[in-house]
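S.K.: Can you keep this structure in mind? I'll have questions shortly.
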Amino acid sequence: MAITKQTPLALDPARMPRHVAIIMDGNGRWAQKRALPRTAGHKAGAETFRRIATCCKNLGLEYLTVYAFSTENWKRSEDEVSTIMRLFETYLHEAIDTMERDHIRLKILGEQARISPELRRLIAKTDEISAHYDGFQANVCINYGGRDEIVRAAKKFAALCMEGSVTPEELTEGLFSGLLDTAGIPDPELIIRPSGEIRTSNFLLWQSAYAEYYFTDVLWPDFDEEELKRAILSYQGRNRRFGGVK
Ligand code: FPP
């Protein structure tokens, strides 16, 4: 089904995805179009994340995962990287109050050794608060790469083998999934990439095995509730066969 701006956005409540993931792309181009520095695009992108997380919660989704900073994004200028890291710190500071008020969970996915001690402290705090609640969960990927996550899980498995608590023959997909950053989180049914790029860029490589993808030209800071609904409507029109026949 072709979804256009005119398509009525009537979602089927019985066929809502549980988990939507988004590659937040296009902040730089959004800023460039307005003759602003790239960092202004990231600030606008952080606001969009806030709004879309609220929409997801209100639509009854259980999980939203966003790709905020990849293992490859360190290649950007020092100024851009430090602005994004400061945005994460500000966001987590503010999120701590919101989580307590709205009983939402926030989880940071990714490798933490390279991020600042302050950011690590804030992540520990949000983990502690999240443990008290069981409502909507937002996952923010920071210093995250799908391949890196799989390598780290493989190292954890090797360590378990070496200490004798498991043998290589006992490895199953389920056991391996439990060693990933997303342990306990269902795979996303829908992955959205705005900004006109049509690639997966190392995002949720293991978890996306059967995800439906939705690509749109809208730049991330302009992404809104209507765009989200359009993506979910497209998902609801798909015939998901998981390798079988329908
Ligand atoms: C991709 O757009 C965006 C990023 C690498 C950074 C994403 C960061 C945020 C949205 C801000 C903070 C988020 C939270 C959760 C507080 P791009 O810079 O690659 O855009 P371009 O392709 O147009 O250059």
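The values are calculated or read from the model by the stated rules, or taken from the named source; none is laboratory data. Keep in mind the model is a prediction, meaning the values are calculated, not measured. Cβ sites come from the backbone with ideal geometry, for glycine too, and all protein chains shown count toward neighbours.
S.K.: Given the conditions (1) in a loop (DSSP other than H, G, I, E, B); (2) more than 16 Å from the chain's Cα centre (by Cα), and given that Thr90 satisfies all but one, which numbered condition is not satisfied?
M.R.: Of the numbered conditions (1) in a loop (DSSP other than H, G, I, E, B); (2) more than 16 Å from the chain's Cα centre (by Cα), the odd one out for Thr90 is (1).
S.K.: With the checklist (1) away from the ligand (no atom under 16 Å from the Cβ); (2) part of a strand (DSSP E or B) in hand, flag the one item Ala2 doesn't pass.
M.R.: Result: Ala2 fails condition (2) only.
S.K.: Restrict the check to region 7-25 and report whether at least one residue is of a type in the set (D, E, K, R), within 15 Å of the ligand (Cβ to nearest atom), in a helix (DSSP H, G or I) and under 19 Å from Leu219 (Cβ atoms).
M.R.: No: region 7-25 contains no residue that is of a type in the set (D, E, K, R), within 15 Å of the ligand (Cβ to nearest atom), in a helix (DSSP H, G or I) and under 19 Å from Leu219 (Cβ atoms).
S.K.: For the structure I just gave you, tell me whether Tyr67 is of a type in the set (Phe, Trp, Tyr), modelled with pLDDT of 95 or more and more than 11 Å from the ligand (Cβ to nearest atom).
M.R.: Here the answer is no, as Tyr67 does not meet what is asked.
S.K.: Taking the condition touching a helix residue (DSSP H, G or I) at 6+ places or on another chain (Cβ under 6 Å) and not acidic (Asp, Glu), does Leu59 pass?
M.R.: no
Residue-by-condition table, conditions (1) among the hydrophobic types (A, V, I, L, M, F, W, C); (2) assigned to a strand (DSSP E or B); (3) over 19 Å from Ile23 (Cα atoms):
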site	(1), (2), (3)
Ile84	yes, no, no
Glu94	no, no, yes
Thr98	no, no, yes
Arg114	no, no, yes
Glu118	no, no, yes
Arg121	no, no, yes
Tyr133	no, no, yes
Ile142	yes, yes, no
Arg147	no, no, no
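Rundown of residues vs (1) under 18 Å from Pro194 (Cβ atoms); (2) touching a strand residue (DSSP E or B) at 6+ places or on another chain (Cβ under 6 Å); (3) surrounded by fewer than 14 Cβ atoms within 10 Å (Cβ to Cβ), yes/no style:
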{"residue": "Thr48", "(1), (2), (3)": "yes, no, no"}
{"residue": "Cys56", "(1), (2), (3)": "yes, yes, no"}
{"residue": "Leu64", "(1), (2), (3)": "yes, yes, no"}
{"residue": "Tyr67", "(1), (2), (3)": "yes, yes, no"}
{"residue": "Glu72", "(1), (2), (3)": "no, no, yes"}
{"residue": "Asp79", "(1), (2), (3)": "no, no, yes"}
